[in-house]
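Encoded as structure tokens, the structure appears first; notes follow it.
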Amino acid sequence: MGHLGRYLEFIGSLFRNREKFNVYIARIVDECILIGIDSIFIVVIVSSFIGAVTAVQTAYNLVSPLIPTYVIGLIVRDMTVLELAPTITCVVLSGKVGSNIAGGLGTMRITEQIDALEVMGINAASYLVLPKIVASIIVFPMLVILAGFLSIFGGYLSGTLTGVITPNEYIYGIRADFNQYNVTFALIKSVVFAFLISTISSFQGFYTRGGALEVGKSSTNAVTNSCIAVLLFDFILAQLLL
């Protein structure tokens, strides 16, 4: 409870004595590049292979001849949109982005750069952390959309190249009984996960104490806590919104 209270107090401190909006624009753009552009490669690899494996394993489990083959495309679509694209992508990003944020802020803390900002009268939490949060909320939905497309496309390639499903059947499957709300739900999850990952990682890095060893511990704690928070809120959002 003590850590939760400090975390909530940390969130509140981001909005006190903020700098002018123009100060944040350039920093938000830089963070978007650091968080989003630098994460595209890992998102492409993970999402493509997840879709491919889902299609192949779904085909493997369709043992009844009464089940039409196009169900493979339908299952890949629903699993991708509801769970694989938003949740698995954000779990992967919690390791890549979360450790990067915590390590960077932790290094700034132990080298007294954050203390120097506070001595100059700057709200260091707002100046350093708020752009990371805004950038995460902007780019995470984009990465989730990319992951969803590549996962479905990966399932198409693996299914058609291995011969378990024809291209027409797969396309019919991803169109059958489509619920548009699932896409909205996935984007809502991506925004919530972006906020959790960026704030938890920033909290762990901002309050680092000690030396280089403690920076590593902060990065580890940021990743583990972010993953737990993502999975917990994945369940909560599913209960509330579905």
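The values are calculated or read from the model by the stated rules, or taken from the named source; none is laboratory data. Here the structure is a predicted model, which is why all the values come from computation and not from measurement. As a convention, Cβ positions derive from the backbone with ideal geometry for all residues, glycine included, and neighbour counts pool all protein chains shown. We work out accessible area using only protein heavy atoms, side chains counted, and drop any ligands, DNA or RNA first. Shrake-Rupley method; radii C 1.70, N 1.55, O 1.52, S 1.80 Å.
Tell me, yes or no, whether region 56-66 has at least one residue that is at pLDDT below 85, in contact with a helix residue (DSSP H, G or I) (Cβ under 8 Å, 6 or more places away or on another chain) and farther than 24 Å from ILE133 by Cα. Write out each step before concluding.
Quick first cut of region 56-66, residues at pLDDT below 85 only: 61-66.
Among the residues that remain, those that are also in contact with a helix residue (DSSP H, G or I) (Cβ under 8 Å, 6 or more places away or on another chain) are: 62.
Those left that are additionally farther than 24 Å from ILE133 by Cα: 62.
Within region 56-66 (the criterion being at pLDDT below 85, in contact with a helix residue (DSSP H, G or I) (Cβ under 8 Å, 6 or more places away or on another chain) and farther than 24 Å from ILE133 by Cα), the answer is yes, since at least one residue qualifies.
Taking the stated definitions as given, is GLU112 over 20 Å from ARG6 (Cα atoms), of a type in the set (Asp, Glu), out of contact with any His (no Cβ under 8 Å at 6 or more places or on another chain) and surrounded by fewer than 17 Cβ atoms within 10 Å (Cβ to Cβ)?
Judged against the criteria, GLU112 is a match.
Select the helices (runs of 4 or more DSSP H) contained entirely in region 2-107, then report the ones holding at least 1 residues which are acidic (Asp, Glu) and open to solvent by 70 Å² or more (accessible area, probe 1.4 Å).
Numbers: elements: 2-13, 21-35, 40-61, 71-79.
Once the helices (runs of 4 or more DSSP H) in region 2-107 are filtered for at least 1 residues that are acidic (Asp, Glu) and open to solvent by 70 Å² or more (accessible area, probe 1.4 Å), what remains is 2-13, 21-35.
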